1. Could you say which residue among 89, 108 is assigned to a loop (DSSP other than H, G, I, E, B), at positive phi, assigned by TED's automatic domain parsing to the domain that holds residue 223 and in contact (Cβ under 8 Å) with a residue 12 or more places away in the chain?
2. Among the residues of segment 51-86, count how many are in contact with a strand residue (DSSP E or B) (Cβ under 6 Å, 6 or more places away or on another chain) and either crowded, with 23+ Cβ neighbours inside 10 Å or over 15 Å from residue 118 (Cα atoms) (or both).
3. Please go through segment 122-140 and pick out each residue that is assigned to a loop (DSSP other than H, G, I, E, B) and either in contact with a helix residue (DSSP H, G or I) (Cβ under 8 Å, 6 or more places away or on another chain) or within 19 Å of residue 217 (Cα to Cα) (or both).
4. Anything in segment 170-186 that is crowded, with 23+ Cβ neighbours inside 10 Å and not in a loop (DSSP other than H, G, I, E, B)? List them, or say none.
5. Checking the conditions here, which among 229, 204, 237 is assigned to a loop (DSSP other than H, G, I, E, B) and at pLDDT 85 or above?
6. Can you name the number of the only condition in (1) over 22 Å from residue 170 (Cβ atoms); (2) in contact with a helix residue (DSSP H, G or I) (Cβ under 8 Å, 6 or more places away or on another chain) that residue 299 fails?
């Protein structure tokens, strides 16, 4: 009884984060999507920390096997902004966010943010993240924990290195060469941009933020990183297995890259960079295949002619140059998508 009474007292009106909204953010309605799976220990604390300018909070319980839903509903009983949406089956973090996005679209929310339920995202940073979207400066804002020199000390090394690798691949796949920390899930998106996306096509699991960037580029959304403080050691539990996640997301990004090339530079508006990429991939593949073949034949006792060596070198050098030129064209094509430019949130 003592524990239950203490919990109710903590959730009572007047507790931090439970006051009704008092001041809109730049005159815009703001919602926060909280995807939650087995976060009974931290979900209530996360919800209590959400600032007062937020109008709606959608907690999406992704078929948790613990008391996550109950803890969230206890907060909802005292905070009218909070709505708990329960999935019948576990669909992944992306599926939970898409459910929240659909709810925000139905209610015509101007700015929809995403905060994880594990209390690893500083609520004091929410205004700085959502504000530029509310003012129409960008269409999509995301946190970047790598801006700070603390990232290397605070983020577990294996996760830091995995993040760095996936961030590089996401730059190539998405076309947002100025964006880093691709795995950061602390984000804000404008209503116009959300309406332009086909949310049914978005990836449903841990690679959701990577896949979303690919789709945002196709609709020419302006995206910007904002510094964020890494938070670890607050009792969170990570179910991420890098040995499985990195190959899965890498393959997702390979498919996303070719989908973006087709959608953006062939179907919607033609750009010659597709030829540079095609020639680069073709020549590099042929050079590698011929080089491997000749190496095997050399071990079997066959001689390699100078002409063959020259051909392999020509193919590899030409393939690399075509690929680098294609990347440069892609960077130039997307250089206006990092700030004030074509905005869909207006």
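1. Matching residue, one of 89, 108: 108.
2. Of all residues in segment 51-86, those in contact with a strand residue (DSSP E or B) (Cβ under 6 Å, 6 or more places away or on another chain) come to 53-61, 68-69, 72-73, 75-76, 81-86.
Next cut, either crowded, with 23+ Cβ neighbours inside 10 Å or over 15 Å from residue 118 (Cα atoms) (or both) only: 53-61, 68, 72-73, 75-76, 81-86.
Residues meeting the conditions: 20.
3. So in segment 122-140, the residues assigned to a loop (DSSP other than H, G, I, E, B) come out as 122, 135-139.
Residues satisfying the conditions are 136, 137, 138, 139.
4. Listed by number, the residues that qualify are 170, 173, 174.
5. On the way: 229 fails: at pLDDT 85 or above; 237 fails: at pLDDT 85 or above.
That would be 204, the only listed residue that is assigned to a loop (DSSP other than H, G, I, E, B) and at pLDDT 85 or above.
6. Unmet condition: (2).
The values are calculated or read from the model by the stated rules, or taken from the named source; none is laboratory data. Nothing here was measured: the structure is a model prediction, and the numbers come from that model. For neighbour counting, all protein chains shown are included, and Cβ atoms are generated from backbone atoms with ideal geometry for every residue, glycine included.
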